[in-house]
């Protein structure tokens with residue numbers, strides 16, 4: 001597992017708003033969607049295995065069901081590489097968690113154990129090929145032996161199965177995280193930061209959390225690491241990336257100087273619009289092709305911040 005991915009995701013999903021949006025946006029279950037996620041409480045990880053290795057950094061949450069503390073425990077594991085034995089690993093984690101709940105006297109009133117929802121959040125580049133049930137790791141056996149074959153599933157949330165348009169259609173903080181991880185171009189990142197600034201206008205705590213995560217993530221990339229000075233919020237990151245866009249613009253125009261300044265800027269604007277708003281129409285291309293350089297420059301500046309394509313061309 002990538003330690004960078006693991007630690008950065010643990011930082012994000014230590015916030016109840018992210019856990020709620022993960023469940024509401026990426027787990028299609030009507031019953032789960034009826035729960036009161038304002039009751040979410042983070043559970044300290046304190047499970048000790050037989051070799052005394054503590055798992056104090058696990059992301060475990062509990063939530064009230066039916067207004068009472070009949071706990072649904074949510075165990076989240078983060079993966080950036082495929083682990084063939086993930087099902088076994090999750091079974092071990094769940095066993096350790098149940099042992100800890102019993103030790104703390106947190107079993108249900110009748111002595112039974114509370115339900116646990118085991119989630120594996122995957123963002124690796126390869127297709128996830130590991131089985132999601134530990135039973136599938138064990139060959140079929142005949143007769144009465146079949147009754148004793150263990151069976152335990154985990155819920156896989158694979159970021160790669162969602163298209164950019166699907167993620168963009170969701171007003172969801174986890175969808176924004178997926179988009180920020182997936183996008184490499186400054187214009188794409190600026191577009192998502194615009195949404196976060198709007199969504200989190202009245203949540204300075206979440207806004208600062210995303211600022212810290214984005215800054216930390218971009219700072220690890222060579223192309224951005226030297227660009228961070230004294231920046232304090234998401235707006236500063238947006239300005240920094242807009243400056244990066246201008247550098248990119250100058251480089252792109254330089255490549256097209258042999259075609260003339262107007263044609264170079266025209267192609268640049270088309271590329272920026274396509275990255276921010278998807279495929280552009282023939283009418284829009286014709287409008288840009290026949291416009292003077294001054295109009296193209298003005299439209300390019302607007303395209304960096306515009307929330308929709310029509311905002312670029314408003315006179």
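Some notes on this structure:
- Fully extending the segment from residue 127 to residue 112 would add 1.7 nm, taking 0.36 nm per residue of separation and subtracting the current Cα-Cα distance.
- Residues of segment 268-288 with amide N under 19 Å of a point placed 7 Å along Cα→Cβ from residue 311: 269-281
- Fewest-first ranking of 11, 210, using other Cβ atoms within 10 Å as the exposure measure: 11, 210
- The order of the peptides 187-199, 159-171 by mean Cβ neighbours within 10 Å, most packed first, is 187-199, 159-171.
- Residues in segment 156-187 reached by a label modelled at residue 11 [backbone nitrogen below 20 Å; 7 Å Cα→Cβ]: 173-186
- Simple spin-label estimate for residue 84 and residue 42 in nanometres, 7 Å along Cα-Cβ: 3.5 nm
- Sequence ranges 100-109, 142-151, 18-27, ranked by mean other-Cβ count within 10 angstrom, highest first: 18-27, 100-109, 142-151
- On full extension, the segment bounded by residue 99 and residue 195 gains 30.3 nm, given 0.36 nm per residue less the C-alpha separation.
- Per-residue packing, averaged as other Cβ atoms within 10 Å, sorts the ranges 85-97, 122-134, 275-287 into the order 85-97, 122-134, 275-287, beginning with the highest.
- The stretch between residue 158 and residue 183 holds 7.4 nm of extra length on full extension. This uses 0.36 nm per residue minus the Cα-Cα distance.
The numbers here are math on the coordinates, done by the rules we state, and not lab data. This one's a predicted model, so the numbers in the text were calculated from it and none came from an experiment. Please note: Cβ atoms are built from the backbone with ideal geometry, for glycine as well, and neighbour counts cover all protein chains shown.
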